[in-house]
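K.L.:
First, the structure itself, so that you have it in front of you.
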Amino acid sequence: MPMHIEDYALIGDCHTAALVGRDGSIDWLCLPRFDSPSMFGALLGSEDQGRWLLAPADRVLETSRHYLEDTFVLITRWVTETGEVEVTDFMPIGDRRADVVRRVRGITGSVRMVEDVRIRFAYAEAIPWVRQVHEAGGPALLAVAGPDAVVLRGPKLSPRDHSHAAEFTVSAGETVNMTLTWFHAHREPPAPLEVDKRQAETEKWWQEWASMCIASPHYHEQVHRSLLVLRALSHAETGGIVAAVTTSLPEQFGGSRNWDYRYVWLRDASLTLDVLLGHGFEQEADAWRNWLLRAVAGDPGDIQIMYGLSGERRLSEWEVPSLPGYHGASPVRVGNDAWRQYQGDIFGEVMLALQSARRVGLNETKFSWPLQRALMSFIEDNWSRPDNGIWEIRGAKQHFTHSRAMVWAAFDCAVRAVRESGLDGPVERWERLRDVIREEIETEGFDEKRNTFTQYYGGTSVDASLLLLSQIGFIAADDPRMLGTVAAIERELLHDGLVLRYLTQSGVDGLPAGEHPFLACSFWLVEQYARSGRLDDATELMDRLVALCNDVGLLSEEYDVKAKRHAGNTPQAFSHLALVRAADAISAAIDTVARVSQPG
């Protein structure tokens, strides 16, 4: 059975990523891209769905792990009764290859190690044809099935019931290398990797990237790791930013709220871009804007809320019978039918991100402003449509208040582009529509009796996304209507101190009720507290949230408060970008308090 979600660490090469358990098993790996079919899929089943275990053969007394500073080079150290050993796991970056490296180094004494490899291509539907080969550098294993092939180099492996295993002993000062390389089955295996060189180059690449970061004065460690996670989720060649590296990790254990997050949501990517820009990463902004221009090229009426890494449009959802699901949570889904939905809020997020790019000095290209003009033209004709909302409900469309506020934000950004940046556009018409939408939201999306904005027009429930109204500038954070909304969210959506997205038992999403608090929503509440003068509350909640990061600083989508477990896909871009924004808001609030308290 797979480990708890928080027991996994990420390694990646900005093309794909693997999840490595504390037990030394790589239980999730899709090659060569984030959205490729899995070859190690034990995360969504058992070892029979594919894994690569490398661990001490005898009883482990102590386990610890960490990343080398500012990298995704993972060091796992085990203490046994006979000695101490460490394994270095990483994916070399920047060479257009698809490699995984595992290095065992003896620290003290001697430790007997076991390696167990079960390769299962195509989401565990294809057990490969495997053969041993002999190379100048030692033994190698070739595995081929359909279009996929890997070569595994290292200690000689022996066949054992649809797996291959080896045992070897590592003494103090000794190092044993293992490498796995994916390649197209119709080609020859790539040459062996220069492991020392590639490790040094990979460490240098990550550390140079991290060195460009504008440091965070508060929660520095968590912010820094979160920014690294966001970079690891960004595809090096296309510029697309995936929401997570996994599919179908359940929002409700044993339930059916299992979705594929290995795609590029305009919303998540836009918010990620804004966070990266705020910490000095302008190159990533340019790459993402180029991705956006390619992905949405054509009729603005055909814009989707999400795309594949290269801008693929058809992401049809299907169920995978060969993967039984994480601890039995089924179905396992590949693809995501949310690509068919209309979500009006994405226009606001895209326009806000591009406005941030302008603010830091990223010049508009001959395509980027015309694209925004085209999007605004579409919104002018469609702004009043009901939609599926930020949470991608699969029930009836509604006039969601958050979606309509984000449409307001799109018009506001367009107006500012003309008034403040000198770009061309029908600014008077945009201003008029912006005012019309504001009036509608304040009339239809606000419950005067309860003094709160509502989840959707005519509804009585609240939604955590309403916390974003102050963040986008629709309303001041300390406006009485915003404070009333916060009070309603605290009453209705706080669950053991963390924030639910909305009440699933209302039936609004068309799915069975039940899920855990959504971590990004709790970070939104931190930001709202900080912006509205509740700095102590902001810090108290932030301290609790960052303590939920696992031992290597990763967050998933949700958190099961009672079982004290991560839930949902991991690592989750939305959670990490919301962490950064919350830390930035606390820093800004502390600075404000300091300025006010200074004499004179």
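K.L.:
Among Arg267, Arg313, Arg262, Arg289, which is over 25 Å from Arg358 (Cβ atoms) and open to solvent by less than 40 Å² (accessible area, probe 1.4 Å)?
P.N.:
Arg262
K.L.:
For residues in region 1-21 being surrounded by 21 or more Cβ atoms within 10 Å (Cβ to Cβ) and over 16 Å from the mean Cα position of the chain (by Cα), which is modelled with the lowest pLDDT?
P.N.:
Once the filter is applied, the top-ranked residue is Pro2.
K.L.:
Let me ask something else about it. Name the pairs: first residue in region 424-444 and more than 12 Å from Ile379 (Cβ to Cβ) and of a type outside the set (Lys, Arg), second residue in a helix (DSSP H, G or I) and open to solvent by 30 Å² or more (accessible area, probe 1.4 Å), Cβ to Cβ under 8 Å, at least 6 apart or on different chains?
P.N.:
Here the result reads Gly425/Arg373; Val427/Arg419, each pair linking region 424-444 to a residue that is in a helix (DSSP H, G or I) and open to solvent by 30 Å² or more (accessible area, probe 1.4 Å).
K.L.:
Which residue is farthest from Ser470 (Cα to Cα), if the candidates are limited to region 373-409 and must be polar (S, T, N, Q) and surrounded by fewer than 17 Cβ atoms within 10 Å (Cβ to Cβ)?
P.N.:
By that ranking, first place goes to Ser377.
K.L.:
If you don't mind, another one. Which count do you get for residues in region 119-158 that are open to solvent by 80 Å² or more (accessible area, probe 1.4 Å) and closer than 30 Å to Thr247 by Cα?
P.N.:
4
K.L.:
Any idea how many residues of region 32-46 are aliphatic (A, V, I, L, M) and either within 14 Å of Tyr261 (Cβ to Cβ) or open to solvent by 30 Å² or more (accessible area, probe 1.4 Å) (or both)?
P.N.:
2
K.L.:
Among the residues of region 250-269, are any more than 13 Å from the chain's Cα centre (by Cα) and on the phi > 0 side of the Ramachandran plot?
P.N.:
Checked region 250-269: at least one residue is more than 13 Å from the chain's Cα centre (by Cα) and on the phi > 0 side of the Ramachandran plot.
K.L.:
Continuing with this model, one more query. Please work out which residue is least open to solvent (accessible area, probe 1.4 Å), limiting yourself to region 557-579 and to residues that are more than 15 Å from Leu271 (Cβ to Cβ) and of a type in the set (D, E, K, R).
P.N.:
Glu558
K.L.:
Select, from Ala488, Ala410, the only residue that is more than 27 Å from Ala567 (Cα to Cα), among the small types (Gly, Ala, Ser), in contact (Cβ under 8 Å) with a residue 12 or more places away in the chain and part of a helix (DSSP H, G or I).
P.N.:
None of the other options fit; the residue is Ala410.
K.L.:
Which numbered condition in (1) open to solvent by 30 Å² or more (accessible area, probe 1.4 Å); (2) in contact (Cβ under 8 Å) with a residue 24 or more places away in the chain; (3) assigned to a helix (DSSP H, G or I); (4) not acidic (Asp, Glu) is the only one that Pro370 fails?
P.N.:
The failed condition is (2).
K.L.:
Within region 205-212, does at least one residue satisfy the condition of being open to solvent by less than 50 Å² (accessible area, probe 1.4 Å) and under 17 Å from His15 (Cα atoms)?
P.N.:
Yes, the conditions are met somewhere in region 205-212.
K.L.:
Let me ask something else. Within region 161-175, how many residues turn out to be open to solvent by 10 Å² or more (accessible area, probe 1.4 Å) and farther than 22 Å from Leu29 by Cα?
P.N.:
Number of matching residues: 8.
For (1) within 13 Å of Ala18 (Cα to Cα); (2) surrounded by 18 or more Cβ atoms within 10 Å (Cβ to Cβ), each residue gets a yes or a no:
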| site | (1), (2) |
| --- | --- |
| Asp48 | no, no |
| Arg51 | yes, yes |
| Arg59 | no, no |
| Glu62 | no, no |
| Leu68 | no, no |
| Val85 | no, yes |
| Asp89 | yes, yes |
| Ala98 | yes, yes |
| Thr108 | no, no |
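K.L.:
From the set of residues in region 410-448 that are open to solvent by 10 Å² or more (accessible area, probe 1.4 Å) and in contact with a strand residue (DSSP E or B) (Cβ under 8 Å, 6 or more places away or on another chain), which is farthest from Asp345 (Cα to Cα)?
P.N.:
Filtering region 410-448 for residues that are open to solvent by 10 Å² or more (accessible area, probe 1.4 Å) and in contact with a strand residue (DSSP E or B) (Cβ under 8 Å, 6 or more places away or on another chain), the one farthest from Asp345 (Cα to Cα) comes out as Asp447.
K.L.:
Counting only residues that are of a type in the set (A, V, I, L, M) and in contact (Cβ under 8 Å) with a residue 24 or more places away in the chain, which one in region 473-485 is most open to solvent (accessible area, probe 1.4 Å)?
P.N.:
Looking at the filtered set, the residue picked out is Leu483.
K.L.:
Which one of Glu201, Glu221, Glu208 is closer than 22 Å to Ala588 by Cα, among the charged types (D, E, K, R) and modelled with pLDDT of 95 or more?
P.N.:
One residue alone meets the criteria, Glu221.
K.L.:
Would you confirm whether any residue within region 171-187 is over 30 Å from Trp78 (Cα atoms), touching an Asp or Glu at 6+ places or on another chain (Cβ under 7 Å), hydrophobic (A, V, I, L, M, F, W, C) and modelled with pLDDT of 95 or more?
P.N.:
Yes, region 171-187 contains a residue that is over 30 Å from Trp78 (Cα atoms), touching an Asp or Glu at 6+ places or on another chain (Cβ under 7 Å), hydrophobic (A, V, I, L, M, F, W, C) and modelled with pLDDT of 95 or more.
K.L.:
With within 29 Å of the chain's Cα centre (by Cα), among the hydroxyl-bearing types (Ser, Thr, Tyr) and exposed (fewer than 15 other Cβ atoms within 10 Å of the Cβ) as the only criterion, which of Ser506, Ser465, Ser470, Ser461 stands out?
P.N.:
Ser506
K.L.:
Does at least one position in region 62-72 carry a residue that is in a strand (DSSP E or B) and of a type in the set (A, V, I, L, M)?
P.N.:
Within region 62-72, none of the residues are in a strand (DSSP E or B) and of a type in the set (A, V, I, L, M).
K.L.:
Separate question: Failed condition for Ser256, given (1) more than 30 Å from Leu54 (Cα to Cα); (2) of a type outside the set (D, E, K, R); (3) in contact with a Cys (Cβ under 9 Å, 6 or more places away or on another chain), with all others met?
P.N.:
(3)
K.L.:
Ok, one more. Would you please list the contacts, defined by Cβ atoms under 7 Å and residues six or more apart or on different chains, that run from a residue in region 537-556 that is more than 11 Å from Val526 (Cα to Cα) and in contact (Cβ under 8 Å) with a residue 24 or more places away in the chain to a residue that is open to solvent by 20 Å² or more (accessible area, probe 1.4 Å) and assigned to a loop (DSSP other than H, G, I, E, B)?
P.N.:
From region 537-556, the pairs are Val546/Tyr219; Leu555/Leu548; Leu555/Cys549.
K.L.:
While we're on this one: Considering (1) aliphatic (A, V, I, L, M); (2) modelled with pLDDT of 95 or more; (3) surrounded by fewer than 21 Cβ atoms within 10 Å (Cβ to Cβ), say which one Val596 fails and leave the rest.
P.N.:
Result: Val596 passes all but (2).
K.L.:
Go through the residues of region 73-84 one by one and say whether even a single one is among the basic types (Lys, Arg), modelled with pLDDT of 95 or more and within 18 Å of Thr175 (Cβ to Cβ).
P.N.:
Yes.
The values are calculated or read from the model by the stated rules, or taken from the named source; none is laboratory data. Please read all numbers here as calculations on a predicted model, not as lab measurements. We place every Cβ from the backbone using ideal geometry, glycine too, and count neighbours over all the protein chains shown. In case anyone asks, the SASA skips ligands and DNA or RNA and just uses the protein heavy atoms, side chains included. Shrake-Rupley method; radii C 1.70, N 1.55, O 1.52, S 1.80 Å.
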